[in-house]
1. Non-local amide H neighbours of R136 (under 5 Å, H modeled in plane, Pro and chain starts lacking H): which ones?
2. In a GNM of the chain with a 10 Å cut-off on Cα contacts, which of R136, R235, R174 has the highest mean-square fluctuation?
3. Once you place label points 7 Å from the Cα toward the Cβ at E150 and K66, how far apart are they in nm?
4. Taking the chain as a Gaussian network, Cα atoms linked when under 10 Å apart, which of C202, C106, C48 shows the biggest mean-square fluctuation?
5. Where the only charges are on Cβ atoms (+1 Lys, Arg; -1 Asp, Glu), what is the dipole of the chain about its Cα centre, to the nearest 20 debye?
6. What number does region 99-252 give for Rg over Rh if you use C-alpha atoms and the Kirkwood radius?
7. Cross-link list K146/K191; K21/K73; K45/K73; K198/K218; K21/K191: which exceed 19 angstrom alpha carbon to alpha carbon?
8. Mean-square fluctuation check for the chain, GNM, Cα pairs under 10 Å: which of T131, T193, T168 is largest?
Amino acid sequence: MVNFVGAGTGASDLITVRGAKLIGDADVVIYAGSLVNPELLGYAKAGCEIHNSAKMTLEEVIDVIKAAEESGKMTVRLHTGDPSVYGAIREQMDELDALGIKYAVCPGVSAAFGAAASLNLEYTLPDVSQTLIITRMEGRTPVPEKEKIESLAAHRASMAIYLSAGMTEELSKRLIKGGYAPETPCAVVYKATWPEEKTVICTIETLDKACKEAGISKTAIILVGDAVAHNSYERSKLYSPDFSTEFREARI
């Protein structure tokens, strides 16, 4: 059996209770060493076989899993954040399907939500944005043409941009070209929830300059939209005294 486990955003205590237990039960752990906090390996039991997938190909990962299965061992495939976001898990699952190996997924806290917590941020403010777009800009690997930054920026919704901290000058240009105003609030969170977390608040127009001054060029998430500033929004109807819900009658 293979369990794909979301390691969370970085802090070792932000993994789920289920995820920590699965690591503790595992005979083999294959972890994304380039991004997963190594402190999480402290949950593993004595004698657990540990592999760093940052140095492995897909085929090598599958070979380790296959050998574990043949020995009756349980494997945890430990991915950063939540496995469903830029985790490259589907290709692994397809290989496991072909081998008849069973698997399950344990979710984790993705960087967009760790960063929001660090900033005390709500992405979905009434009358500001009710949509969160999770995306990245194309670099060495492409994105579908219809998902170019310019197209997504046209919505002017809250946006969490992954894997793009090394391309901030181009990103800024594309966001503005797509429809965001140059003065739109922006935040960059480096290694969200890690002890070395660093946060920069800026605008789209000053994004590149702010990142260069802070020395941030990787391992950061970029948050864009008026919700970042949270200074002009309507109060939620959910708790308004003049709004009836299934559980409460309006009181005004």
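1. Under 5 Å from the amide H of R136: Y162.
2. R235
3. 4.5 nm
4. Taking springs between Cα atoms under 10 Å, the residue moving most is C48.
5. Computed about the Cα centre, the dipole is about 300 debye.
6. 1.06
7. K146/K191; K21/K191
8. Result for the chain, Cα springs under 10 Å: T131 fluctuates most.
The values are calculated or read from the model by the stated rules, or taken from the named source; none is laboratory data. Source: prediction; values computed, not measured. Neighbour counts run over all protein chains shown; Cβ positions are idealised from the backbone, glycine included. In case anyone asks, the SASA skips ligands and DNA or RNA and just uses the protein heavy atoms, side chains included. Shrake-Rupley method; radii C 1.70, N 1.55, O 1.52, S 1.80 Å.
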